[in-house]
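The values are calculated or read from the model by the stated rules, or taken from the named source; none is laboratory data. Predicted, not measured: the structure shown is a model, and the values here were computed from it. Every residue, glycine as well, gets a Cβ built from its backbone with ideal geometry; the counts of neighbours run over all protein chains shown. Ligands, DNA and RNA are excluded from the accessible area calculation, which covers all protein heavy atoms including side chains. Shrake-Rupley method; radii C 1.70, N 1.55, O 1.52, S 1.80 Å.
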Amino acid sequence: MLGSQEYILSKIASNDGHGENSAFFDGWKAYDADPYHPTKNPNGVIQMGLAENQLSFDLVEEWVRNNPMASICTPEGASQFKDIAIFQDYHGLPEFRNAVARFMEKVRGDRVRFDPDRIVMSGGATGAQETLTFCLADPGEALLVPTPYYPANDRDLTWRTGVELVPVICDSSNGFKMTRDGLEAAYKAALDSNTTVKGLLLNNPSNPLGTVLDREALSMALSFTNDKNIHLICDEIYSATVFDEPGFVSIAEILAESPDANPDLVHIVYSLSKDLGFPGFRVGILYSYNDAVVCCARKMSSFGLVSTQTQRMLASMLADEEFVGKFLAESAARLGARRAAMCQGLAQMGVGSLKGSAGLYCWMDLRRLLKAATFEAEMELWRVIVNDVRINVSPGASFHCAEPGWFRVCFANMDEETMRVALSRISKLVVQSKSGEARKQCRRRSKLEISLSFRRLEEIMMSPHSPMTSPLVRTMT
Amino acid sequence: MEFKSRNQGQLLSKIATNDGHGENSPYFDGWKAYDSDPYHPTENPHGVIQMGLAENQLCFDLIQEWIKNNPKASICTAEGAADFKDIAIYQDYHGLPQFRNAVARFMEKVRGNRVRFDPDRIVMSGGATGAQETLAFCLADRGEALLVPTPYYPGNDRDLTWRTGVKLVPVVCESGDAFQITRAALEAAYKQAQDSNIRVKGLLLNNPSNPLGTVIDKQTLQQSLEFTADKNIHLICDEIYSATVSGQPGFTSIAEIVQENPHCNLDLIHIVYSLSKDLGFPGFRVGIVYSYNDAVVSCARKMSSFGLVSTQTQQLIAAMLSDEEFMDKFLAESARRLGKRRADMCEGLGQVGIWNLEGNAGLFCWMDLRRLLKAATYEAELELWRLIVEEVKLNVSPGAAFHCSEPGWFRVCFANMDDETMEVAMERIRMFVVRKREEEVARKQRRRRRMELEVSLSFRLRREELVMMSPHSPMASPLVRART
């Protein structure tokens, strides 16, 4: 056998660009090794690190049962099996594109129109992000991304593309809002290191913050990117998880209101993984206002098309406007209720979370529980949460958060009972921590008293006539 | 707010603005011709018949029957809907265990159970398209190369090079060897790469071959294994047509050769597969990477996030493929129908003196139309091809699209239509060949007549000259002169 593995494989295969060697995957391993079950394993790890939307499957299942024509496997639909199985046109089934465009319009309250001919498929949002990067940037060029951000951006945008990410630092002083200054600073930092910036990637609503970007922020981003003549990519994957005011504003709306903006610079990433709860179906969508990008991304979609079996089913489901209307309203209501329950539960134990109106998670503030304001302390606290409290949450560092102490905790991938168990475990952690804090303070006070009394003793001991000059006494302080 | 705009070229990446996608070739004209004028037996009987698409449509009756009888395979039937949620939320890139097990088992069956496949080495991808790209990303850096025997599947250029920056170096195979891969050709290609300072990282074989329609024999597979071992480069075998083989010679998988070479370096061996051809399901995007190299399995699996198979489809395929009785029946019947269709095509072409490369695999024939070329050039091949598309109204694929080193070969697909359409296509080819032959004969006759007349005229002129020299000759009439 000749040569080592690294020689025979590519650099991409041998580097860490996939992002999975981070310590944070330990949380997953802990869960996989010991998953919670209410009866079979009540002391197992509760999974709160997975942003999934499992709250409305009853509605979906009912629809599926009532609409057998949507499937190519039912007696009603099987005559279509062959035509669907052989359809491999990368434009996708027209009815699929139409239904997705219409669904996206509905999610935006019909305030904008989407052209079905601009709908391009991809292997999930994962594939959409990578495809866009391949279209817009060369290896060595960069995209700006506000922190904290979705961890897999590193893999999706940089691993095989060779493109770099430059963070736009956002911090808690203003609720992690993106500022023009922050954008300019990041852009300048890139320039100073001779890195060409090709675009800005926004995630709206935000993962992990659970907030929406307001009109002002979006307009500012559009103006910034136009000024620099760079692309603006908006990942709107959580668009239908908004349950409260402020409501969701899409970049599509801002663009419609900005006739002088260059549409060739604007692109939307979407998927049905979060809004509908279908991550397994791999329905990624790339929507671009740039014709050349639509064309190129469509050619690239051959690397990750949506199964026509799935296209067919979803075309049917999403075209059922009555169902969609009912689903969107009910899903948002359930998410809102779940989040409220979670945040209230946390608040009762004195744990705050960033105020937000969207997403499948809370951005929890555990800075008070840190031993020190460091990422090491955050890591330490996180290990306690995973190993002792038995909950898998995601520490802020994995989202490239600039400040330690923030944790993302997901609430939509479990039932109410499990959430109650999770909250009670967290409350034990907080209580222990508080009493630990109190005990620490007690210990500190008594240490102080002892040292003071020893000092007085020493003064006595200095006297040559004292019996207290024993070395033993001195060593006790 | 002031907005600036600049030209497109600077806005997009190099990848987005080059031709690496391969679609700017004139051969897409054939597709356009078909799309704008598709044949239909009643609605458009003079339209273009699509014979440029390698699809397997011959056994859907069997599939449909199975579907009707197995409602639990679907998450949308009354019987299966209870599984909908679990399947819809399952996003583990290892894939459903039942899916991996069923695919491994199916691949074993296709190889007559002569080898075993480990389900833990089954990695998903976005079709074979995604599998090829993923492997290229795992095995080679930008600027490095893979050797590929010609003629080869045109999509290789896009799949292996477009976004990866990897190069393809052709291993030239010639009709004199029935397009078989020789050691000399492999060495020549390798040397050529080295001479241009290009590092070769692997050899890609397609077995059975598209476009040849032949299987690679054991000897050639063994030779390829030895060649790649000598050079310490990877051996990738795309076995996407493995179940389209009918009769002899049978299909030998690289997995069998590996088994017979227990000391070979397994870290260099990889298989690409898909259900698009063997089962006829290109729409379902079921691509598979199977590697004997643990690090490649691990890396490819991470990359599979960019092109996983929909769990809805994984569930369906798992159920279908694990029905061993059905799969046995399907494989046998599919091979039989493909064999018969191929035989009919070859016979029909043979009647007008058109021969194909002898083969018993794939969904196509490799047709020899060198005799019909005006000259042994690619321009002549292109001209003939345009004639076939525009006049004969058949979309076939010219050899140049497959990087064939000799002009005159065409790939014609036969499994994507019914018997009647096939007969119409055969009739059109027959008429075309007959017409071309008649035209050729007529052209030859005209030439001969012209030559004869020239000869006879020169005789006459000489005689006439003599006669005409006489002032009393009636041959000096202008009428006589005008006839020649």
Buried by partner chains in the range B:140-181 (accessible area down by at least 10 Å² vs chain alone, 1.4 Å probe, heavy atoms, protein only) are B:Asp141, B:Arg142, B:Arg158, B:Trp162, B:Arg163
Among B:Val286, A:Ser394, B:Gln98 - extreme Cα towards positive end, dipole of the protein assembly as shown, charges at beta-carbon
A:Ser394
Provide Rg over Rh for the range A:114-187; use the alpha carbon set for both Rg and the Kirkwood Rh (inverse mean inverse pair distance).
1.04
For chain A, calculated [θ]222 nm from helices alone, where every DSSP H run of n ≥ 4 adds -39500 (n - 2.57)
-13500 deg cm²/dmol
Over chain A, what relative contact order in percent results from Cα pairs under 8 Å that are six or more residues apart?
21 percent
Straight-line reach check, A:Lys11, cutoff 18 Å on alpha carbons, 8 or more apart in-chain or any other chain, hits among lysines -> B:Lys167, B:Lys201, B:Lys302
Ratio for the range A:85-143, C-alpha Rg to 2.2 N^0.38 Å, reads 1.38
Calculate the length of the line joining the C-alpha centroid of the range B:234-285 to that of the range A:166-245, in whole Å.
47 Å
Computed about the Cα centre, the charge dipole of chain B from +1 Lys/Arg and -1 Asp/Glu charges at the Cβ has a magnitude in debye, to the nearest 20, of 1780 debye
Given the range A:1-129 reduced to its alpha-carbon atoms as identical point scatterers, what log10 I(q)/I(0) does the Debye formula return at q = 0.13 Å⁻¹?
-1.03
Accessible area per residue for the range A:302-417 in Å², computed with a 1.4 Å probe and the full protein assembly in place, what is it?
35 Å²
Quick check: the angle from helix A:416-461's long axis to the longest principal axis of chain A, C-alpha only, nearest 10 degrees?
20 degrees
Can you give the three extents of the C-alpha atoms in chain B along their principal axes, from longest to shortest, in whole Å?
111, 71, 56
Rounded, prolate or oblate: which one fits the range B:233-308, using the alpha carbon gyration tensor with axes a ≥ b ≥ c (rounded when a/c is under 1.5, else prolate when a/b beats b/c, else oblate)?
oblate
What's the carbon and sulfur percent of the range B:168-210's accessible surface, probe 1.4 angstrom, rounded to a whole number?
46 percent
From the Cα trace of the range B:356-419, what convex hull volume per residue do you get, rounded to a whole Å³?
98 Å³
For the range A:238-307, give the percent of accessible area contributed by carbon and sulfur heavy atoms, probe 1.4 Å, rounded to a whole number.
49 percent
Quick one: work out the % antiparallel among DSSP beta bridges in chain B, nearest 5.
50 percent
By the Cα gyration tensor axes a ≥ b ≥ c (a/c under 1.5 gives rounded; else a/b larger than b/c gives prolate, otherwise oblate), the shape of the range B:29-180 is oblate
Am I reading the B/A interface right? What is its buried accessible area, both sides, 1.4 Å probe, to the nearest 100 Å²?
7500 Å²
Ignoring everything except DSSP H segments at least 4 long, calculate the 222 nm mean residue ellipticity for chain B; use -39,500 (n - 2.57) per segment, divide by total residues, nearest 500.
-13500 deg cm²/dmol
Ordering B:His40, B:His270 from largest to smallest accessible area (1.4 angstrom probe), what's the sequence?
B:His40, B:His270
What would the Debye equation give as log₁₀ I(q)/I(0) for the protein assembly as shown at q = 0.06, 0.08, 0.09, 0.10 Å⁻¹, counting only Cα atoms as equal point scatterers?
-0.51, -0.82, -1.01, -1.20
Over the range B:326-394: Kirkwood hydrodynamic radius from C-alpha pairwise inverse distances, Å
14.0 Å
Where nothing but the Cβ of Lys and Arg (+1) and of Asp and Glu (-1) is charged, how large is the charge dipole of chain A around its Cα centre, in debye to the nearest 20?
2040 debye
Once the range A:206-342 is represented by equal point scatterers at the alpha-carbon sites, with solvent omitted, what log10 I(q)/I(0) does the Debye formula produce at q = 0.09, 0.11, 0.15 Å⁻¹?
-0.33, -0.49, -0.90
Shielding of A:82-93 by other chains, given as the mean Cβ count within 10 Å, works out to 5
Report the one residue of B:Pro119, B:Ile216, B:Asn24 whose Cα lies farthest in the direction of the positive end of the charge dipole of chain B (charges on C-beta: Lys and Arg +1, Asp and Glu -1; origin at the Cα centre).
B:Asn24
Which of B:Gly307, A:Pro246, A:Phe81 sits farthest toward the positive end of the charge dipole of the protein assembly as shown, with +1 on the Cβ of Lys and Arg and -1 on the Cβ of Asp and Glu?
B:Gly307
Relative to the first principal axis of the alpha-carbon coordinates of chain A, what is the inclination of helix A:94-107, with its axis defined by its Cα atoms, in degrees from 0 to 90 and to the nearest 10?
50 degrees
Solvent-accessible ranking of A:Ser394, A:Ser14, largest area first, probe 1.4 Å
A:Ser14, A:Ser394
Dividing the mean separation of Cα pairs under 8 Å (6+ apart) by the residue count of chain B yields a relative contact order in percent of 21 percent
In sequence order, what are the phi-derived ³J(HN,Hα) couplings for the range B:119-125 according to the Karplus relation 6.51 cos²θ - 1.76 cosθ + 1.60 with θ = phi - 60°, rounded to whole Hz, with x for glycine and proline?
x, 6, 9, 7, 10, 7, 7
Per residue, how much accessible area does the range B:199-259 show when a 1.4 Å probe rolls over the protein heavy atoms, in square angstrom?
27 Å²
Tensor-based shape of the range B:69-135 (alpha-carbon gyration tensor, a/c under 1.5 rounded, otherwise prolate or oblate)
oblate
One finds, for B:Arg450 and B:Arg430 with R0 = 22 angstrom and r their Cβ-Cβ distance, a FRET efficiency to the nearest 0.05 of 0.15
Keeping all protein chains in place and using 1.4 angstrom, which order do B:Val110, B:Val166 fall into by accessible surface area, from largest down?
B:Val110, B:Val166
Projected area of the range A:268-353, taken from the Cα convex hull and averaged over every viewing direction, in nm²?
8.1 nm²
So, with +1 on the Cβ of K and R and -1 on the Cβ of D and E, and no other charges, what is the size of the charge dipole of the protein assembly as shown about its Cα centre, to the nearest 20 debye?
1080 debye
Nearest 10 degrees, 0 to 90: helix B:378-387 Cα axis against chain B principal axis
90 degrees
In whole percent, how big is the carbon plus sulfur part of the accessible area of the range A:67-176, probe 1.4 Å, protein atoms only?
50 percent
To the nearest 10 square angstrom, what accessible area does B:Leu279 show with a 1.4 Å probe?
0 Å²
Excluding ligands and nucleic acids, what accessible area in Å² is computed for A:Arg334 using a 1.4 Å probe, to the nearest 10?
60 Å²
Might you work out the accessible area of A:Glu245 for me, using a 1.4 Å probe with all protein chains in place, and round it to the nearest 10 Å²?
140 Å²
